[in-house]
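Asker: I'd like to ask some things about the structure below.
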Amino acid sequence: AIDPATNGNGVSDLQAVSNPYSLAYDNGPSGLDRTHIAFVNFIYDIPLLRDSSNRLLKSTVGGWQVSGIVTLESGEPVNVLLGGAGTNICNTLPNCTNRPDKISAVSYPKSVASWFSTSGFADPAAGAFGSTPFNYLRGPGRQNWNLALFKSFLFSESRGSRLEFRAEFFNAFNHTEWNNISNTKTAGNFGAITSTHDPREIQLGLKAYF
């Protein structure tokens, strides 16, 4: 997906352009663009003791189910900004946003302190707009597993009354999922990871059907 939307990371209305002298300056990957996306949904009946002749084991250990929603996606575009450099034309030109010059290839160490290498960027000449393309970089991807374990305990087959227990795990494996990146050249932490997605959360629930 390609667009020139600079506000709301590509999900809001078009507003002021970054460079009033070139409408094409902000043409690039949309904030909504992902190179690869996969969503996997599943539900599985655990066969363990599901058909046991022992009523106690069947009712307590057998008949459990597990379901899941798995999100696998590559990173979103990152728009590199120049910031308040003294030579930035946007210090005097209103309603504009400037980017640095791209002077060499950018690598991805993918560490907390340096998600991408910052040596490939430099301040543009005084009064000039930088050459770094719009949304030039890519942030971290995401691999998230939301799982649920549940079972129904039957009270009356004729009436259909039962008690359903659910245990739900969001980010079930509790691995760190990087989120935002510092994208302003003049920032002291330029290129560093600044936030993560939520850690594992667990919730339990009971639902009675009668």
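The values are calculated or read from the model by the stated rules, or taken from the named source; none is laboratory data. Just so it is clear, the structure is predicted and the values come from calculations on it, not from any experiment. FYI the Cβ positions are ideal-geometry reconstructions off the backbone, even for glycines, and counts take in every protein chain you see. Note: areas computed on protein heavy atoms with side chains; ligands, DNA, RNA excluded. Shrake-Rupley method; radii C 1.70, N 1.55, O 1.52, S 1.80 Å.
Asker: So for the pair Phe42, Asn91, with labels modelled 7 Å out along Cα→Cβ, what separation do we get in nm?
Answerer: 5.7
Asker: Further question on the same structure: Highest mean first, how do 133-142, 150-159 rank when packing is the count of other Cβ atoms within 10 Å averaged over residues?
Answerer: Listed from highest to lowest mean packing, they are 133-142, 150-159.
Asker: With θ taken as phi - 60° and the coefficients 6.51, -1.76 and 1.60, list the Karplus ³J(HN,Hα) couplings across segment 119-128 in order, rounded to whole Hz; mark glycine and proline as x.
Answerer: Working through the residues one at a time gives 6, x, 10, 9, 5, x, 4, 4, x, 10 Hz.
Asker: So what's segment 88-184 giving for Cα Rg divided by 2.2 N^0.38 Å, two decimals?
Answerer: Here the answer is 2.03, to two decimals.
Asker: On to the next question. What does the accessible area of Thr184 come to, in Å² to the nearest 10, when a probe of 1.4 Å is used?
Answerer: We get 40 Å² for Thr184.
Asker: Taking +1 at the Cβ of each Lys and Arg and -1 at the Cβ of each Asp and Glu, which of Phe169, Leu72, Asn144 sits farthest along the dipole of segment 67-169 towards its positive end, judged by Cα position relative to the Cα centre?
Answerer: Phe169
Asker: When only alpha-carbon atoms count, how far does the chain stretch along each of its three principal axes, as whole angstroms with the largest first?
Answerer: Its Cα atoms span 82, 34, 24 Å along the three principal axes.
Asker: Taking the full set of protein chains and a 1.4 angstrom probe, give the accessible area of Leu32 in square angstrom, rounded to the nearest 10.
Answerer: We get 110 Å² for Leu32.
Asker: Sum up the charges of everything whose Cβ sits under 13 Å from the Cβ of Thr60, counting Lys and Arg as +1 and Asp and Glu as -1, but leave Thr60 out.
Answerer: +4
Asker: Moving on to the next point. Quick one: putting +1 on the C-beta of Lys and Arg, -1 on the C-beta of Asp and Glu, what dipole do you get for segment 71-210 around its Cα centre, in Debye to the nearest 20? Numbers along the way, then the final one.
Answerer: Values: 12 positive and 10 negative charges, 49 e Å.
For segment 71-210, the charge dipole is close to 240 debye.
Asker: Tell me the per residue accessible area of the chain using a 1.4 Å probe; a whole number in Å² is fine.
Answerer: Using a 1.4 Å probe on heavy atoms only, each residue of the chain averages 58 Å².
Asker: Enumerate the lysines that Lys102 could reach by cross-link, defined here as Cα to Cα under 17 Å, with residues fewer than 8 away along the same chain left out.
Answerer: Result set, ordered by chain and number: Lys185.
Asker: Then there is this: Using alpha-carbon pairs under 8 Å, 6+ residues apart, how would you state the relative contact order of the chain in percent?
Answerer: With pairs under 8 Å counted, the relative contact order is 19 percent.
Asker: Which value, in debye to the nearest 20, describes the size of the charge dipole of segment 1-96 about its Cα centre when Lys and Arg Cβ atoms bear +1, Asp and Glu Cβ atoms bear -1, and nothing else is charged? The partial results should precede the final answer.
Answerer: Details: 4 positive and 8 negative charges, 113 e Å.
Roughly 540 debye, rounded to the nearest 20.
Asker: Work from the charge dipole of segment 88-186 (Cβ charges, +1 for Lys and Arg, -1 for Asp and Glu, about the Cα centre) and give the residue of Phe116, Phe153, Trp178 farthest towards its positive end.
Answerer: It is Phe153, whose Cα lies furthest towards the positive end.
Asker: Something else: Given N residues in segment 10-129, what is its alpha carbon radius of gyration divided by 2.2 N^0.38 Å?
Answerer: With N residues counted in segment 10-129, Rg over 2.2 N^0.38 Å equals 1.93.
Asker: Taking 2.2 N^0.38 Å as the expected size of a compact globular protein, what ratio does the Cα radius of gyration of segment 114-157 give against it, to two decimals?
Answerer: For segment 114-157, the normalised Cα radius of gyration comes out at 2.76.
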